[in-house]
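Starting off with a structure, shown below.
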Amino acid sequence: MQEEVKNNNIQTAKAWKPKILAIFCNWCTYTASDLAGVSRLKYPATTRVVRIMCSGRLDPQFILTAFSEGADAILIGGCHPGDCHYATGNYKCLRRFHLIQKYMKQMNIEPERLRLEWISASEGKRLAEVIGEMTETITKLGQSKIKQQVANIEK
Amino acid sequence: MAVYWGAACGGCCVSVLDVHETLLTVIQHADLVFWPIALDTKYADVEAMEDKSIDLTLFNGAVRNSENEHMAHVLRAKSKILVAYGSCAHMGGIPGLANFSTKEELLSRVYDESPSTVNPDKVRPQHEYKVPEGTLEIPNFYEDVCMLDQIVDVDYYLPGCPPQTERLVEVFLAIVSGAQLPPKGSVIGVSERAQCEECTRIKSDNRSVDRFYRPWEIEDDGVSCFIDQGVICMGSATVGGCGVRCVKGNAPCRGCYGPVPGVTDMGAKIMSTIATALNAEDENDIIKAIDSIEDAAGTFYRFSLPASKIRRKIQ
Amino acid sequence: MSNNKEEIRIGVYICHCGHNIAGAVDVVGVAEYAAKLPNVVISKDYKYMCSDPGQELIAADIKEYNLNRIVVTSCSPLLHEKTFREATTKAGLNQYFMQMVNIRENVSWVNENFDDATEKSKDLVRAAVQRVAFQRALEKQKVPVNPNVLIVGGGIAGISAALTMANAGKKVYLVEKESTIGGHMAIFDKTFPTLDCAACILTPKMSSVKNHPNITLWTYSEVSNVEGFVGNYKVQVTRKPRYVIEDLCVGCMLCVEKCIFKEGKFPDEFNQGLSKRKPVYVPFPQATPLVAVIDDKTCIHFKTGKCTQTCKTACDRNAIDFDQKPEIKEIEVGTVLLTTGFQAFDAKKVPYYGYGKYPNVFTSLEVERMVNASGPTEGHVLTREGKAPKSVGIIHCVGSRDEKTHKWCSRVCCMYSLKLAHLIKEHTGADVYNFYIDMRTPGKGYEEFYDKLLHEDVHFIRGRVSEVTDWITSPEEEGKLIIRAEDTMIGMVRRIPVDMVVLAVGMEPRDDAQEIRKMFNISCSTEGFFLERHPKLAPVNTFTDGVFIAGACQGPRDIPDSVAQAGAAAAEALVLIDSGHVELEPNTAYIVDEICSGCKSCLNICPYKAITFDLEKNKSSINVALCKGCGTCVAACPSSAIKQNLFEDVEIFSEIKGIFVE
Ligand code: SF4
Ligand code: SF4
Ligand code: FES
């Protein structure tokens, strides 16, 4: 534990840019992300995409792990309601999302740090917009303190 | 053998006493060298002991202040086997819920705000206080509650709030009999699977929950699974070993035994299960149903907040 | 890293993709960085990883360095995962030991800052290196492909595809919503640019469909449910009652003649409402199957129950059955072709062109019927007053290339407007004005056709029409419509009085496209046309394996293109069928018995009912054949007893940690 504290100095404010974990479902949002690429849309290099088959695979543990490892925010992307490739996975994702938000509120984690968006395969533009917006919001909010506070057992 | 309590309610020590006449068997095999609630051994006596001179230490309670931490280090050094005994030492336990507050919030509640407090001078405990006779010291109150293994190396964990006394006896006898001990770091006295395996309540094949209730809000039918009735039960995410004590007493499991092996964050995992069990599909209905869960974080992390991924409220 | 004892030896390959990646990311820097990561034995950058030498590089390194894990950092896995998995397999390594990192679509093409993009690429490579160490060898699941095929939509695309597949010896179910096949093409009089008669080329195809031993034709029918997966679809088709027994009717039309209505009274859909039909009718003489249909919305028997049923008595074959009920057919097919077509833009949505307000504003489809010799006017182009127009204005791009309606070009309107201009001129000798924005004639013989029209004394005015009104300014203009348009060639606004206005309506997605899309689990583009898997490389494939698309349901196109696409879709389906089986990704879930507590949390959440409970063992289990691998149950299991191949917790956790922790 103590060792980790050392490696964990907050980067200087100037150098810091948000790092956002993006968890996208294979069929809609990941495809939209490809489309944004093919269409050469531009957005900030703040996201890191992890692909899952369906947003229904979203395990709250992924989110907590990401926060505790240093994610400034997490973006979950799935198919629009009614459009999930597996029929209903995204509803389950939505339920978990709202419960995690509730938990985050109690933990004093800003709700903006976890965002869920339904982005269909054709909405490359929307994807780029969402990432742009989110980057702006998180930049304003500042670096997440979670990793530091988790590692740093204050006495 | 030693028994020590850190930030604890005392229940764990009582659970040791609960061995009743088996205590005689215990002391046949071991001398009790240190046990603050029963013996008059002083800290200095323990500090003076040789390293590794205690065969077995049961450390119960979380680490909350400098005294707890100091004794954790001392006992680690003096003990061959250090067991995190009970939920608080294992995962932070109920005292760990203090991680939902800051140190300042706690102190101001106790020394300023609470209705029974009369403290016009706003006196706060000081770590050191000079009196004519010299300097008085009281332990430093930490910002965070920690579980034992965040402070020192732990050999085994014996979970429970408090642990099942039978389990303690088994473990103790195993150690003294020189039987093959489980690998270091094991959680002992637990089953391999969640509570549900032993729970005899009837679980529905078509679980579909409209909303959640606090246990007193519904009339428990006594036979069906709590979750199916809309009451949050931690049993499915909690490792067995206690004999489903709470559910047998018609109270839902609160999760004191900790997670099933392989689960990294017990609260997150059960959140996933609980949210999934809802049947709402419309976003507003979902929000309403989720709203029916009172104190979500406190419920899902009742015993394990310091052990969770995000171990405290972020400041 | 991994739980088992084997030493992890990773090879990392960074692709330049020519300039595509190398221009935006420091690929050499990323490769050097990767070389230092734990378990990485070799790390290289290369110009084109997907090229043969690129793939051979991987294979050679696997042998030389004894690699057991591969990370390819290049483009999207949706594009090249297969390529690199094959390259991995060729070198004798299980293909699931390969992990791709997408630094093209997800980085170089979208992120502009070179340093940030490089940083991001490093993070992603690190994540993959950590993930791949936990990946396990897996085998694809082989499932047989049912050789039967379902084709939805009996327009020219569906007809062509059906014949191709049936001629290849496959059993075809062709399902059509209307009472006859033929689609839009059957409505047309002539086809551009050759001006051959549409019916003459279409009718033989329609009868071949009807008579083909391998084709089961279900008209007046709709798909009502779809279950299963590639190679093994279970489809439910609802056959709506036409109140005429198909097997008995010979299409003699006696019933139509003897209907209690002496004259047609209801707008005839086929003739675009320009003529009237009776409640019992045959849409057009070449309708296939040639079977009458009774419209229960207009038939007196259905409306009041008090009809003497003269049609029924007239039929000497006893084919009329007023008690017919919807009939459900269950079929099993391995592949599906969607050829559901388009709908014409509704001209009422652009009120400034006066459709529905001024009687002499027509849509192009109406004029198609008028110029047809067997149409409502027997081939005469007439105003509503029944006179031959002396001047006609054709307005292009109605419902196309327009911010307010549809942005896309419908691709056919320029050409069919030219065709109609030619036909109107031929039939009436009227002055014909074409109002166009751009003349789009990309197709074999199309430009030549335009050129021909330019010499036929047809007027061309380049500019968008602002409105059609009846605001006449002189007595000679009495009864005329006034078209106001900008003429961008001469830079002024023109005002042209005409007797008739023809609106060249565009193509749009059908209203029921969304329903169909959901049923077959495919996607639509933003406009609402079915989305192809890849716009260039997989234009007839969808993201759902075994479901193909062709014709105007995928986007506006003309007849030759629809037919070509139908052929392509049929070929794709044949490939699947003839290979006899499909290989399914092994990303299915399974339950570890030793961990499952029997809590039943997973039981009711699988959309495919793949999870059942074994009472004896007091545990749940997953039927792999039913599991489609969404992972929903994996996330929901409170004991983490459910694992998903390819997406195991430890794989995802290590990927997430890898992103953030250096
Ligand atoms: S949710 Fe997990 S533990 Fe519960 S029955 Fe299903 S597999 Fe078993
Ligand atoms: S992974 Fe999805 S499809 Fe497979 S059993 Fe679980 S819920 Fe069903
Ligand atoms: S597949 Fe996209 S949310 Fe389920």
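Going down the table (C:LYS278/C:LYS306; C:LYS452/C:LYS480; B:LYS42/B:LYS78), which pairs top 20 Å between alpha carbons?
Cα-Cα > 20 Å for C:LYS452/C:LYS480; rest within.
Then there's this: Under a cut-off of 21 Å between alpha-carbon atoms, report the lysines in cross-link reach of C:LYS234, not counting same-chain residues fewer than 8 places apart.
C:LYS234 reaches C:LYS142, C:LYS170, C:LYS171, C:LYS177, C:LYS329, C:LYS518, C:LYS609, C:LYS628.
In addition: Decide, for region C:209-252, between rounded, prolate and oblate: order the square roots of the alpha carbon gyration tensor eigenvalues as a ≥ b ≥ c, take rounded if a/c falls under 1.5, and otherwise choose prolate if a/b is larger than b/c, else oblate.
Oblate.
Counting only C-alpha contacts under 8 Å and six or more residues apart, can you give the relative contact order of chain C as a whole percent?
This gives 13 percent for chain C.
Show log10 I(q)/I(0) for region C:21-121 at q = 0.12 Å⁻¹, two decimals, from a solvent-free Debye sum over equal Cα scatterers.
-0.37
For the protein assembly as shown, what is the accessible area per residue in Å², given a 1.4 Å probe and the full set of protein chains?
I get 41 Å² per residue for the protein assembly as shown.
Let me ask another. Sequence gap at least 6, Cα distance under 8 Å: using those rules, report the relative contact order of region C:414-517 to the nearest whole percent.
Reported relative contact order: 19 percent.
Considering all alpha-carbon pairs of region C:468-510, what whole percent are spaced by more than 17 angstrom?
Here the long-distance tail beyond 17 Å is 47 percent of all Cα pairs in region C:468-510.
Now for a separate question. If you roll a 1.4 Å probe over chain C with all protein chains in place, what percent of the accessible area is carbon or sulfur?
After summing per-atom areas, the C and S share lands at 52 percent.
Could you name every residue in region C:103-121 that has 20 Å² or more less accessible surface in the full protein assembly than in its own chain alone (probe 1.4 Å, ligands and nucleic acids excluded)?
The answer is C:GLU105, C:ASN106, C:TRP109, C:VAL110, C:ASN111, C:GLU112, C:ASP116, C:LYS120.
Note the buried accessible area between A and C here, summed over both chains, with a 1.4 Å probe, in Å² to the nearest 100.
About 4400 Å² of accessible surface is lost on pairing.
How big is D for chain C, in µm² s⁻¹ as a whole number, if Stokes-Einstein is applied with the Kirkwood radius of its Cα pairs at 4 °C and 1.567 mPa s?
For the chosen part, D equals 45 µm²/s.
For C:GLY153, what charge total do you get from the other residues with a beta carbon under 11 Å from its beta carbon, if Lys and Arg give +1 and Asp and Glu give -1?
The answer is -2.
Next question. Could you give me the percent of Cα pairs per 5 Å distance bin for region A:67-155, shortest bin first, beginning at zero and ending with the bin that holds the maximum distance?
Values per bin, smallest distances first: 3, 12, 20, 20, 19, 14, 7, 3, 1, 1, 0.
If you don't mind, there's one more thing I want to ask. How big is the B/C interface in buried accessible area, both sides summed, 1.4 Å probe, to the nearest 100 Å²?
Chain pair B/C: roughly 1700 Å² of buried accessible area.
Counting only protein heavy atoms and a 1.4 Å probe, tell me what percentage of region A:22-155's accessible area is made up of carbon and sulfur.
With neighbouring chains kept in place, the figure for region A:22-155 is 51 percent.
Counting Lys +1, Arg +1, Asp -1, Glu -1, what net charge surrounds C:GLU486 among other residues with beta carbon under 10 Å of its beta carbon?
Once positives and negatives cancel, what remains is +3.
Same structure again: Output the direction-averaged projected area (hull surface divided by four) of the convex hull of the alpha-carbon atoms of region C:159-261, in nm².
9.2
I've got another one for you. Carbon and sulfur atoms: what percent of the 1.4 Å accessible area of region B:195-307 do they account for?
47
Let me ask another. Cα-based Rg of region C:1-77 per 2.2 N^0.38 Å, rounded to two decimals?
1.11
Based on the Cα atoms of region C:408-479, what semi-axes does the equivalent ellipsoid have, where each is the square root of 5 times one gyration tensor eigenvalue, given in whole Å with the largest first?
So the equivalent ellipsoid measures 26, 16, 9 Å along its semi-axes.
Here's another thing I want to ask about it. Taking the highest mean first, how do the peptides C:560-571, B:28-39, C:197-208, C:19-30 order by number of other beta carbon atoms within 10 angstrom per residue?
Highest mean packing first, the order is C:560-571, C:19-30, C:197-208, B:28-39.
Output the pairs from A:LYS147/B:LYS122; C:LYS262/C:LYS325; A:LYS125/C:LYS600; A:LYS17/C:LYS404; A:LYS102/B:LYS103; B:LYS313/C:LYS36 with a Cα-Cα distance over 30 Å in this structure; if there are none, say none.
Violating the 30 Å Cα-Cα cut-off are A:LYS147/B:LYS122; A:LYS125/C:LYS600; A:LYS17/C:LYS404; B:LYS313/C:LYS36.
Hey, if you drop one equal point scatterer on each alpha-carbon of chain B and run the Debye formula without solvent, what base-10 log of I(q)/I(0) do you get at q = 0.14 Å⁻¹?
-1.12
Does any residue of region B:197-219 lose at least 40 Å² of accessible area with all protein chains in place compared with its chain alone, and if so which ones (probe 1.4 Å)?
Listed in order, they are B:GLU197, B:LYS203, B:ASP205, B:ARG207.
How much of the DSSP bridge set in the protein assembly as shown is antiparallel, in percent, rounded to the nearest 5?
Close to 40 percent.
How long is region B:101-141 along each principal axis, judged by its Cα atoms, biggest number first, in Å?
34, 22, 12
Also, quick follow-up: Rounded to the nearest 100 Å², what is the sum over both chains of accessible area buried where B meets A, with a probe of 1.4 Å?
Buried: approximately 3500 Å² between A and B.
Could you pull the Rg and Dmax for region C:600-653, using just the Cα atoms, both in Å?
Both quantities, over Cα of region C:600-653: 10.9, 34 Å.
Under 13 Å between alpha carbons, and skipping anything fewer than 8 positions from B:LYS288 in its own chain: which aspartates and glutamates qualify?
By straight Cα distance, B:LYS288 reaches B:ASP210.
Given the alpha-carbon gyration tensor of the protein assembly as shown, what are the semi-axes of its equivalent ellipsoid in whole angstrom, ordered largest first, with each equal to the square root of 5 times an eigenvalue?
Each semi-axis is √(5λ); the values are 71, 33, 29 Å.
The values are calculated or read from the model by the stated rules, or taken from the named source; none is laboratory data. Here the structure is a predicted model, which is why all the values come from computation and not from measurement. Quick reminder, even Gly has a Cβ in these numbers, built from the backbone with ideal geometry, and neighbours come from all protein chains shown. What goes into the accessible areas is simple: the full protein's heavy atoms, side chains included, and nothing from ligands, DNA or RNA. Shrake-Rupley method; radii C 1.70, N 1.55, O 1.52, S 1.80 Å.
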